[in-house]
Amino acid sequence: MDMNEETSGARKLRCDDTSKCFELLESILDGEMDNSKEVLKDKLAKCQPCFEHYHLEQAIRDVLKTKCTKHEVPTELADCIRQKIQDIK
Amino acid sequence: MSEVQRRKYSQEEKNTIFDGEFMPHIDSMYNFAYRLTFDEDDAKDLVQDTYLKAYRFVNSFEQGTNAKAWLFRILKNSFINEYRKKSKQPAKVDYQEVETYYNSDDVQYQSTSDLRAESVKDMLGDEISNALNSLAVDFRTVIILCDLEGFTYEEMAKILDIPIGTVRSRLHRARNLLKEKLKGYAQNMGYDTDEEEAI
């Protein structure tokens, strides 16, 4: 979280406040942060744990999205709903 | 659905809203219902009941607002009221209790940092799906709403009737729990999850 950390080029290996940082990174991934690009760039460049956490979070989301949203809808469901609505009209 | 009664839509408007704004979400609705009930017939009934309720209460839907969030809210309430008892999921977990329990614990970040992003990318559908399904329903729900369906925190708060702060913390806990499950799969697949502790 420390924005004044010197930038020596290498990422620091310890994160001073993983709890706050990781929640912040999640908010950024969830699209809940303004000026997120600058904050993110800064954090990922400086901190190894944040860098890893961010990429892991992103990977899990990608996999969830591609593998868990393809449950096929029964073909008759939409017709069934329309029919029932006709009945109550 | 306790909002103030808005103006009444004509029959034609009702049909337009139903076909144009409600029906396009049937895939997401069924997916959500299936992940709540784990049963295809229950999921079908749940979606059907939700759409019938949506039609019946269409006057309380304000055209131009987020129909998907409105429908998800009805579905989630129907699930709690009618389907939770008979669904095949493990015994009900009281989320307040779960949250208190997990919040009282300092989160173990070691477990999250040693699961490599690469091993997650290689996960098969069943593994990630089982990991998600094994979460308690309140944790599973926030992951579905956020990561699968892309709702904002504000929309989730409305769908779930909880404050935004609770949405945020529940999501955070849910993700940590999911990583715990995935770690187990990764280890079974032979990934070395104990390598280099960064923290």
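For this structure, a couple of remarks:
- 222 nm mean residue ellipticity, helices alone, for chain A (DSSP H n ≥ 4; -39,500 (n - 2.57); rounded to 500): -20500 deg cm²/dmol
- Using alpha-carbon coordinates, inclination of helix A:36-46 to the longest axis of chain A, degrees: 50 degrees
- Chain A: angle of helix A:75-88 to the longest principal axis, Cα-based, in degrees nearest 10: 60 degrees
- Karplus (6.51, -1.76, 1.60) ³J(HN,Hα), θ = phi - 60°, over segment B:167-183, in Hz, Gly and Pro reported as x: 4, 4, 6, 5, 4, 4, 5, 4, 5, 5, 5, 4, 5, 4, 5, 5, 4
- Restriction of the trypsin sites (Lys or Arg not before Pro) in segment A:56-87 to DSSP coil positions whose beta-carbon has at most 16 other beta-carbons within 10 angstrom yields A:K70.
- The charge dipole of segment A:18-88, taken about the Cα centre with unit charges on the Cβ atoms of Lys, Arg (+1) and Asp, Glu (-1), comes to about 180 debye, rounded to the nearest 20.
- Buried accessible surface for the A/B pair, both sides summed and rounded to the nearest 100, is 3900 Å² with a 1.4 Å probe.
- Share of carbon and sulfur in the accessible heavy-atom surface of segment B:8-89 [1.4 Å probe, %]: 45 percent
- Accessible area expressed per residue, chain A, with surrounding protein chains retained (probe 1.4 Å, Å²): 59 Å²
- Segment A:32-89: GluC sites (Glu not before Pro) in DSSP loop, at most 14 other beta carbons within 10 Å: A:E72
- Put simply, the amide H of A:C47, placed in the peptide plane, has neighbours under 5 Å in A:K12, leaving out anything fewer than 5 places away on its chain.
- Here the accessible area is traced with a 1.4 Å probe on the protein chains. For segment B:114-180, carbon and sulfur cover 49 percent of it.
The values are calculated or read from the model by the stated rules, or taken from the named source; none is laboratory data. Being a predicted model, the structure only gives us computed values, none of them experimental. Neighbour counts run over all protein chains shown; Cβ positions are idealised from the backbone, glycine included. In case anyone asks, the SASA skips ligands and DNA or RNA and just uses the protein heavy atoms, side chains included. Shrake-Rupley method; radii C 1.70, N 1.55, O 1.52, S 1.80 Å.
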